[in-house]
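The values are calculated or read from the model by the stated rules, or taken from the named source; none is laboratory data. What you see is a predicted model; the values in this text were computed from it and never measured. Here the Cβ positions follow ideal geometry from the backbone for every residue, glycine too, while neighbour counts run over all protein chains shown.
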């Protein structure tokens, strides 16, 4: 594996800064993305002014509990939100174009070609009535003017590149003939078939066994490093982020609450929520000792607290937390949405 | 077979096999294929393995939901598969099970109170009023107060539903609970809440757990002893700290090193990383000899020919491997 280009020291300047200035090497700029869903006659805000950017070849882990808006943000990045019940504000820029305002026809050219996506359950993303070869070839032909024969060759190459043994034979297999790990490899092959600049992976290893998960994480690191594709890895597993990513974006209740270099945040989180997630991991705790937990649960979209959204669950909350919080630079080069981030010494993955 | 001198085991499992017929009866899935262990009162016995290893099948046998195909399992010294119906019905009360999906385990048309009272209704304990009191007390204890008793499962979160399932299992005061991936479907902070609850209840009610999981973090946190399972057989068994700290079987070592550790690079011990090739083979036609040999970097021809004997290599530490620990097979250097 290539040495991590973002060393903790050097990263404090550019690795973490999600500044307003557009960086020339960014492949994705999300700015003030708010997503609203129509529920009956009322409207619920699912995410609130989410901003972050992804540089070329960078691997970012987006973490948070269920209901924090991770998946819905990813879907918005691909224009996959149901248009009849959703409304968006802000912008999602890829290659200088705001995807949120593009017509469907143009989006089709971006999906797959500039942004690939893989999901948690590969079986539901693959069509059971077509061979995997057919599905790969279809992707290749949709985005490139190539003959069937050439598309087949490229597809077989793609299968080989994700470590599928005997790809010529597997080419004619149906999804159900493959194991879960192999199916996820096929999904990765399809997502990367057109060499996108960005791969969005939503819980790609959650349904897999731990030894297979290790293979897939290694494959994702290896492929993104070889091709320069950036990775946005959505997961609840902080271990996977530690191993696979250079940066963490923590989301809570529809907002980005922390953003910074992985190695820094794992040991010195600057937002109490990230700290809570890290401290509740049983792996590093003393056997049978009481595990830390975060009391309460993520508020529903209609019931958001007015100030800091985490305050009702936060042990450090005081008067100032009744005010709305900004994502601001915190000590150590991370961004945190917490007015107390400068004064608190929060516990990370190690006690 | 295990240590602890004078305590009678709650469970004694001897050469347990559970086979299922499949493919219109032509094929046999050897879900569990010869497993030996004891579970002692008051301990938490962890059972770890990947999908298809047979760990859930063992959980179902423990809760008497399945009978062994061969071998035996003694519940408090009695082979319940040979007991009379009446006797079995009575004795299996001591052995409960909680499942992974907290929602699927609850009847959507029953209120929370009804669900928790149901086991008591089934055994006909006391009057209806008395049963209500027991159910309410338990719900209160597991953290769901009066507000919840008339709610229905769809009104509760995953963590709350799992609490209901725990209360349900506790109503008839079992001695042992098989916990089959009970926290796998839960978010990380709720997972730690529920694990804390399990630890507390164990002390309060003198419970014994068989904790079945694929999650190393969970098993190493909660269990006193742990057995590692692969394709229907145990490969290693011992005190948790020893098995996780100094694994002897190559599969255990691979499993430990595959677990992603939430620590910065350089603090994880990545140099020791073993990434296994391939996936778990089919339990219909498992490999000859050692079942792990197709993915094992130490495998030699001996591993294909001889089934490694399940043996106690240190007091309380059991293993089935021809080349345990760091010793390399003859004429071959360890590739690590």
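Condition check ((1) facing chain A (nearest Cβ under 10 Å); (2) at pLDDT below 95; (3) over 18 Å from residue B:43 (Cβ atoms)) across all residues:
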{"position": "B:224", "(1), (2), (3)": "yes, no, no"}
{"position": "B:241", "(1), (2), (3)": "yes, yes, no"}
{"position": "B:254", "(1), (2), (3)": "yes, yes, yes"}
{"position": "B:261", "(1), (2), (3)": "yes, yes, yes"}
{"position": "B:264", "(1), (2), (3)": "yes, yes, yes"}
{"position": "B:270", "(1), (2), (3)": "yes, yes, yes"}
{"position": "B:277", "(1), (2), (3)": "yes, yes, yes"}
{"position": "B:292", "(1), (2), (3)": "no, no, yes"}
{"position": "B:299", "(1), (2), (3)": "no, yes, yes"}
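Does region B:180-193 hold any residues that are touching a helix residue (DSSP H, G or I) at 6+ places or on another chain (Cβ under 6 Å) and at pLDDT 90 or above, and which are they? Passing the criteria: B:180, B:183. Name the residue that is farthest from residue A:298 (Cα to Cα), counting only residues in region A:51-76 that are assigned to a strand (DSSP E or B) and in contact with a helix residue (DSSP H, G or I) (Cβ under 8 Å, 6 or more places away or on another chain). Across region A:51-76, the extreme among qualifying residues is A:59. Per the listing A:155, A:161, the residue uniquely surrounded by 24 or more Cβ atoms within 10 Å (Cβ to Cβ), more than 26 Å from residue A:53 (Cβ to Cβ) and more than 13 Å from chain B (Cβ to nearest Cβ) is A:155.
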